[in-house]
1. Taking only pairs six or more apart or across chains, which ones have beta-carbon atoms under 6 Å, a first residue in region 29-57 that is within 14 Å of E16 (Cα to Cα), and a second residue that is among the hydroxyl-bearing types (S, T, Y) and at pLDDT below 95?
2. What is the residue count in region 28-70 for residues that are of a type in the set (D, E, K, R) and surrounded by fewer than 16 Cβ atoms within 10 Å (Cβ to Cβ)?
3. Give the residue that is nearest to the chain's Cα centre (by Cα), with candidates limited to residues of region 1-52 that are in a helix (DSSP H, G or I) and among the basic types (K, R).
4. Say whether the condition of being outside any loop (DSSP other than H, G, I, E, B) and modelled with pLDDT of 80 or more is met by at least one residue in region 72-84.
Amino acid sequence: MRMAFDSNVLGKRLCELRKKNMVQQEKLAEVLEKSVPMISYYESGKRVPPPDVIFVMCKIFRVSSDYLLGLTDNPEPKGDIPKEYIPPDYARLKAIEVELEKIDLARIIEIERLMRKG
């Protein structure tokens, strides 16, 4: 059975994720290179973000596109990739990704700290 896409679900989930992660519309607009009114349109379901923007939103909030689009209630990306498609050095690459995320998070925290001072 194919589920129908509902822009209101996308908007509601985007708004919930943004608030849960304490991200202001202005900051999200800046990161996505969109206007604040456009973010509001996305959240109200009046506009649907293009695929490249949805991709970035999923990365920012660490959810699957299926979740953001309302095609599943599970925010986690599916983990059932067939073994033959997983690169042999996946574990090493995943460990590197985790370390890079820690570095990125540390930089974001430092930038926010400096912005509050100045």
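The values are calculated or read from the model by the stated rules, or taken from the named source; none is laboratory data. Here the structure is a predicted model, which means the values were calculated and not measured. Cβ placement follows ideal geometry from the backbone for every residue including glycine, while neighbour counts extend to all protein chains displayed.
1. As it stands, the answer is G45/S7, since those pairs meet every condition given.
2. The number of residues fulfilling the criteria is 6.
3. R18
4. no
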